[in-house]
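Visitor: One structure, as structure tokens, below. Some questions next.
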Amino acid sequence: MNKSISGFSKLSKRKKLQWIVENFFKDPENVMRELMSHWHQNEEQQRVLDGFSENTISNYVLPFGVAPNFVINDKTYVLPMVIEESSVVAAASSAAKFWMNRGGFKAKVIATKKVGQVHFSWSGNVEKLNSVFEELDAQLRTDVSHITANMENRGGGILDISLLDMTHLEGDYLQLKVNFETCDSMGANFINSVLEEFGRSLKNFVATHEIFEKKEKELTIIMAILSNYTPECLVRAWVECPVKDLGKHGELDASSFAEKFCKAIRIAHIDPHRATTHNKGIFNGIDAVVLATANDFRAVESCGHTYAARDGQYRSLSYCSVENGIFKFWLDLPIALGTVGGLTKLHPVARRSLELLGNPSASQLMEIIAVAGLAQNFAAIKSLVTTGIQKGHMKMHLLNILNHLGANEKEVPETVNYFKDKVVSFSAVRDFLDLMRGDKKKDLNLLTDQKASS
């Protein structure tokens, strides 16, 4: 069977789906019905969703959950979270509740600069170019004024332009590095449009300026694009309280808990293997809110991970200290977000997410999302240094196991009740369901005794 096709993008959505199911699935009629069942019932909203991507054949649904009781800068929020792992929402909610009566979360934006680059190849005299750089700077700004006018009216635009000589690393390679302020928009399209126009202006400037000799007038633009690494678009989130207010956690008193918690954070600064899982947990919280607000989680992740390795070793994004009887836990996060433009207003649920958050500015959303990451990290480390991560995680995973095993409405609550004080595992849940379904409830006590002794 020929599984290649010409002109696929020109087919209607239904025809695309029909070709896919007929060529790649054993039961095309049922698969077609199944995938079509996920189409939005509102045709207008489906057209909006189809416009987000290319060659769409269905919708991929993820749960939209909420985490209440977040006190951030003395204001209470309910955080929207889009994620497929229930323990993430539960952990965020738990951390929010823990800190609600201990002063809540604090957050502040440190800087909001975003970065763009024009990479170019030129064999001319760099000192000459530097000598006329003020003139070039003015020309570049003039040539993009038609693009920047609206952004400047909103208080943003081009902050500064610098020339970087990279010829010691790569022959004839130079770069224009540009810092931007894009206000409440993420600004990717704005930045890239400016940079591409800069490339054309730079070529023309060098080709026509009298300071350059004929052999210096050839300049090649390699590429012009924003950078997703924005270390000067930075937000800090933190919590703090007297150590004694942390309370007792199992066998750990407040002081022992604080010491063990801080040690766990220090380990994530020392060991990249631990740091990777540690930061993944932070992004569990961050990504969930980024997705809910239709921001770019891939850009957010790539920036955060680069920042975590900024000194040459990959380290924790969060920090912890105990000084003068005060426990402090904080997170520094570079994150570029938008609350206008892009999909933030087009996606129907993202629009409601922002409304749920009180229609925050981009800076406020930076603070909220940094807090989500910090809360997630606190909950994870708290579990790790006390009960262990699996106890809570597997309790939340129990419903997924029950769905996988096809538990009915009667079996689900009985199984949940049975495992309240027991270790959850796939095999243990399966064994319990087998006993129930085999009408062997008399053997349940035996099963309980076996699990307790193992």
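Read the figures in this text as sums done on the coordinates, not as results from a lab. Note that the structure is a prediction, hence the values are computed from the model and not measured. As a convention, Cβ positions derive from the backbone with ideal geometry for all residues, glycine included, and neighbour counts pool all protein chains shown.
Visitor: Return the FRET efficiency for the residue pair Lys248, Glu414: r is the Cβ-Cβ distance, R0 is 41 Å, and the value is rounded to the nearest 0.05. Could you put the intermediate results ahead of the total?
Guide: On the way: r = 33 Å, r/R0 = 0.80.
That gives a FRET efficiency of 0.80.
Visitor: Sticking with this structure for a sec: Between segment 295-371 and segment 42-89, how far is it from one alpha carbon centroid to the other, in angstrom?
Guide: Here the answer is 16 Å between Cα centres.
Visitor: Helix 272-292 sits at what angle to the longest principal axis of the chain, using alpha carbons and giving 0 to 90 degrees rounded to 10?
Guide: 80 degrees
Visitor: On to the next question. Grab the alpha carbons of segment 1-112, take their convex hull, and tell me the volume per residue in Å³.
Guide: Working: hull volume 21.1 nm³, N = 112.
Looking at segment 1-112, the number lands at 188 Å³ per residue.
Visitor: Can you list the lysines whose alpha carbon sits under 23 Å from that of Lys13, skipping same-chain ones fewer than 8 residues off?
Guide: The reachable lysines, counting only those whose Cα sits under 23 Å from Lys13, are Lys3, Lys26.
Visitor: Additional query: At each listed q (0.06, 0.08, 0.10, 0.14 Å⁻¹), what is the log10 of I(q)/I(0) that the Debye formula gives for the chain modelled as equal alpha-carbon point scatterers?
Guide: -0.38, -0.65, -0.94, -1.30
Visitor: Would you mind estimating how fast segment 206-356 diffuses translationally, via Stokes-Einstein at 20 °C and 1.002 mPa s with the Kirkwood radius over Cα pairs, in µm²/s?
Guide: For the chosen part, D equals 114 µm²/s.
Visitor: To the nearest 20 debye, what charge dipole does segment 89-240 have about its Cα centre, counting +1 at the Cβ of each Lys and Arg and -1 at the Cβ of each Asp and Glu?
Guide: On the way: 16 positive and 20 negative charges, 194 e Å.
Here the size comes out at about 940 debye.
Visitor: Determine the calculated [θ] at 222 nm for the chain from helices alone, applying -39500 (n - 2.57) to every DSSP H run no shorter than 4 residues and normalising by the residue count; nearest 500 deg cm²/dmol.
Guide: Values: 17 runs with 220 residues, N = 454.
Roughly -15500 deg cm²/dmol at 222 nm, from the helical runs in the chain.
Visitor: Another question about this same structure. Over the chain, what is the percentage of antiparallel beta bridges among all DSSP beta bridges, to the nearest 5?
Guide: Among the beta bridges of the chain, antiparallel pairing accounts for roughly 95 percent.
Visitor: A further question on this structure: Starting from the Kirkwood Rh over alpha-carbon pairs, what translational D in µm² s⁻¹ does segment 8-50 have by Stokes-Einstein at 25 °C and 0.890 mPa s?
Guide: In µm²/s, the coefficient is 220.
Visitor: With +1 on each Lys and Arg Cβ and -1 on each Asp and Glu Cβ, how big is the dipole of the chain about its Cα centre, in debye rounded to the nearest 20?
Guide: Magnitude of the dipole: close to 1420 debye.
Visitor: Tell me the chymotrypsin sites (Phe, Trp or Tyr not before Pro) within segment 20-68 that lie in a loop according to DSSP and have at most 13 other beta-carbon atoms within 10 Å.
Guide: Qualifying residues, ordered by number: Phe52, Tyr60.
Visitor: Which listed residue (Gly250, Phe205, Asn189) has the Cα farthest towards the positive end of the charge dipole for segment 181-258, taking +1 on Lys and Arg C-beta and -1 on Asp and Glu C-beta about the Cα centre?
Guide: Final value for the positive-end residue is Phe205.
Visitor: Would any residue of segment 122-147 have its amide N under 17 Å from a label point 7 Å out along Cα→Cβ of Thr220? List them or say none.
Guide: Once the point is set 7 Å along Cα→Cβ of Thr220, 122-125 turn out to lie under 17 Å by backbone N, inside segment 122-147.
Visitor: What does the extension gain come out to for Arg352 and Ile326, with contour length at 0.36 nm per residue minus their alpha carbon separation? Working shown, then result.
Guide: Values: separation 26, 0.36 × 26 = 9.36 nm, distance 3.82 nm.
Contour length minus the Cα-Cα distance gives 5.5 nm.
Visitor: Cross-link partners among lysines for Lys420, C-alpha distance below 16 Å, same-chain residues fewer than 8 apart left out?
Guide: Lys391, Lys395, Lys451
Visitor: Further question on the same structure: Using +1 at the C-beta of Lys and Arg and -1 at the C-beta of Asp and Glu, which of His38, Ser9, Ile20 has the Cα lying farthest in the positive direction of the dipole of segment 8-50?
Guide: Toward the positive end, the furthest listed residue is Ser9.
Visitor: Sticking with this one: Just name one of Ser302, Ala268, Phe52: the one whose Cα is farthest towards the positive end of the charge dipole of the chain (beta-carbon charges, Lys/Arg +1, Asp/Glu -1).
Guide: My answer, from the dipole projection, is Ala268.
Visitor: Taking amide H atoms as placed 1.01 Å from N in the peptide plane, list the residues 5 or more away in sequence, or in a different chain, whose amide H sits under 5 Å from that of Leu159.
Guide: Sorted by chain and number, the residues that satisfy this are Asn179, Phe180, Glu181.
Visitor: Can you pull out the cysteines in the chain that have no other Cys Cβ under 4.7 Å?
Guide: Cys183, Cys233, Cys241, Cys303
Visitor: Based on Cβ point charges of +1 for Lys and Arg and -1 for Asp and Glu, what charge dipole magnitude is obtained for segment 8-50 about its Cα centre, in debye rounded to the nearest 20?
Guide: Dipole of segment 8-50, to the nearest 20 debye: 220 debye.
Visitor: Shifting gears a bit: Once you treat every alpha carbon in segment 114-227 as an equal point and sum by Debye, what is log10 I(q)/I(0) at q = 0.11, 0.15, 0.20 Å⁻¹?
Guide: -0.34, -0.62, -1.04
Visitor: Please go through segment 164-266 and write out the GluC sites (Glu not before Pro) that DSSP classes as loop and that have at most 14 other C-beta atoms within 10 Å.
Guide: Glu170, Glu210, Glu213, Glu218, Glu232, Glu251
Visitor: Roughly what angle does helix 13-24 make with the longest principal axis of the chain, taking Cα atoms, 0 to 90 degrees, to the nearest 10?
Guide: Around 60 degrees separate the two axes.
Visitor: With Cβ to Cβ distances under 15 Å as the rule, what net charge do the other residues near Leu140 carry (K, R +1; D, E -1)?
Guide: In short, -4.
Visitor: Any of Lys128/Lys217; Lys177/Lys345; Lys75/Lys248; Lys106/Lys382; Lys97/Lys260 with alpha carbons more than 23 Å apart? Name them for me.
Guide: Details: Lys128/Lys217 12 Å; Lys177/Lys345 30 Å; Lys75/Lys248 27 Å; Lys106/Lys382 19 Å; Lys97/Lys260 21 Å.
Check vs 23 Å cut-off fails for Lys177/Lys345; Lys75/Lys248.
Visitor: In degrees, nearest 10, range 0 to 90: what is the angle between the Cα axis of helix 188-208 and the longest Cα principal axis of the chain?
Guide: Tilt of helix 188-208: around 20 degrees.
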